[in-house]
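What follows is a short report on a single structure.
Values in this text are rule-based calculations from the coordinates and carry no lab data. Just so it is clear, the model here is predicted, and its values are computed rather than measured. Quick reminder, even Gly has a Cβ in these numbers, built from the backbone with ideal geometry, and neighbours come from all protein chains shown.
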Amino acid sequence: MDTRTFAATQTGRLLERLASQVNATIRRRSSAEAIHHLRVAIRRFAQAVAVFKPCFPQKESRRIRRRLKAILALAGPVRDCDIALEVLAAHKETSLAVELRARRQRGGRALMATLKQWVARKSAARWGQALAAGEIPWPMEEMAQRELRRRAKPFFRQGNQVAGANAGPGELHKLRIAAKKLRYTLELFAELYGPAAGDWLERIRGAQSLLGGINDCRAVQSLMASLGGNAKVEAALRRKQRRKTRQFQRLWSEEFAGVAPRQWMHSLRRPPRKPVARNTSAATASPAAAASAAAAGKTA
């Protein structure tokens, strides 16, 4: 398959999935599960538009990415409310739940109105036409190497910085975003790398799962504070955040530190014949790795 066809096929597939999820979210009246899957579908499609940017008209691709960002900005607070309500229910805390549900309903209504407008404007069809692939300046394999190495570098750089020190919320959040971009880009080109891509994706998902849990703790703490706070719940969230941070740092040391970055960057130069070797310091799976792998299916 040539690069032009490949870009159009991958982007079209993700746009179709996004349109399906928008309709599902409307039908299910922005349920918590639907919001989660909507955000994932938006991020995957947005990453495809970013990766294949040289293939598309610049003006149109920028407009689409701005629109996607606006929808995410509405969906994010709704998702945070859903997570916070789960936390409050687990701690049998009801005093803050009333205001939180009201805030969630307001956010859900605003999101639903935007999604219905997106459908009414036939945005999926219009975006598909706007993203008709043009002339591609390099072969598909070269594009894969270029884009994957571009996303892998900040992932390893930020990960090494975070894993070796007392990481702040901002640093962990940046690493989480870098992990998402690397994962979604690798998913686009997975067929070029064969079985190795599955191994890489499994490892990235493990790290992303723990980073997502850390970010959820941070987001819920911030949301709770805006509602007046609850000392008991916030203390529990801080303990959970510290525990997950330690688990992530152990996982990074075992899976991504040492010679792993050089191995990855070397293998991304061309489709490898076998998966990148695991870090030799991890002879057996750690509890952190096992826990992250078990939770990976819940990660966006």
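Which lysines, on any chain, are close to LYS92 with Cα under 21 Å apart, when same-chain ones fewer than 8 places away are left out?
The reachable lysines, counting only those whose Cα sits under 21 Å from LYS92, are LYS232, LYS240.
Which value, in debye to the nearest 20, gives the size of the charge dipole of region 1-111 about its Cα centre, when Lys and Arg are +1 and Asp and Glu are -1 at the Cβ?
Working: 24 positive and 9 negative charges, 97 e Å.
In total the dipole reaches around 460 debye.
Assuming R0 = 25 Å, what is the FRET efficiency of ARG149 and GLU191, from their Cβ-Cβ distance, to the nearest 0.05? Please list the in-between numbers first.
Numbers: r = 18 Å, r/R0 = 0.72.
Result of the calculation: an efficiency of 0.90.
Exactly which trypsin sites (Lys or Arg not before Pro) in region 100-136 are in a DSSP loop and have at most 15 other Cβ atoms within 10 Å? Intermediate values should be presented prior to the final figure.
Working: sites: ARG101, ARG103, ARG104, ARG106, ARG109, LYS116, ARG121, LYS122, ARG126; in loops: ARG121, LYS122.
Those satisfying the criteria are ARG121, LYS122.
What is the Cα coordinate range of the chain on the first, second and third principal axes, sorted by size from largest, in whole angstrom?
For the chain, the Cα spread along each principal axis is 59, 54, 25 Å.
Any chance you could tell me what percent of the C-alpha pair distances in region 109-267 go past 26 Å? Could the numbers behind the result be given before it?
Details: 5825 of 12561 pairs.
So the pairs more than 26 Å apart make up 46 percent of the total in region 109-267.
Pull out the extension gain between ALA73 and LYS122, defined as 0.36 nm times the separation in residues minus the alpha carbon to alpha carbon distance; nm, one decimal. Before the final figure, lay out the partial values.
Details: separation 49, 0.36 × 49 = 17.64 nm, distance 2.10 nm.
Extra length from ALA73 to LYS122 when fully extended: 15.5 nm.
Taking the dipole about the Cα centre of the chain, with the C-beta of Lys and Arg at +1 and of Asp and Glu at -1, give me whichever of SER123, THR9, HIS37 is farthest to the positive side.
SER123
Quick one: grab Rg to one decimal and Dmax as a whole number for region 3-130, Cα atoms only, in Å.
Cα only, region 3-130: 16.5, 56 Å (Rg, Dmax).
In terms of Cα to Cα distance under 19 Å, which lysines are near enough to LYS116, apart from those fewer than 8 places away along the same chain?
The qualifying lysines are LYS69.
If you take the beta carbon distance between ARG269 and ARG13 as r and set R0 to 22 Å, what does 1/(1 + (r/R0)^6) give as a FRET efficiency, to the nearest 0.05?
Values: r = 26 Å, r/R0 = 1.20.
Efficiency, from the Cβ-Cβ distance: 0.25.
Within region 19-47, which residues have the backbone N less than 16 Å from the label spot 7 Å out from ALA89 along Cα→beta-carbon, could you tell me?
The answer is 30-36, whose backbone nitrogens lie closer than 16 Å to the label point.
Go ahead and estimate [θ] at 222 nm for the chain from helices alone: -39,500 (n - 2.57) per DSSP H run with n ≥ 4, summed, over the residue count, rounded to 500. Provide the component values of the computation, followed by the final result.
Numbers: 11 runs with 233 residues, N = 300.
About -27000 deg cm²/dmol.
Please express the Cα-Cα pair-distance distribution P(r) of region 124-163 as a list of whole percents, one per 5 Å bin, running from 0 to the bin with the greatest distance.
6, 17, 14, 12, 16, 15, 10, 8, 3
Can you give the three extents of the C-alpha atoms in region 39-90 along their principal axes, from longest to shortest, in whole Å?
48, 15, 9
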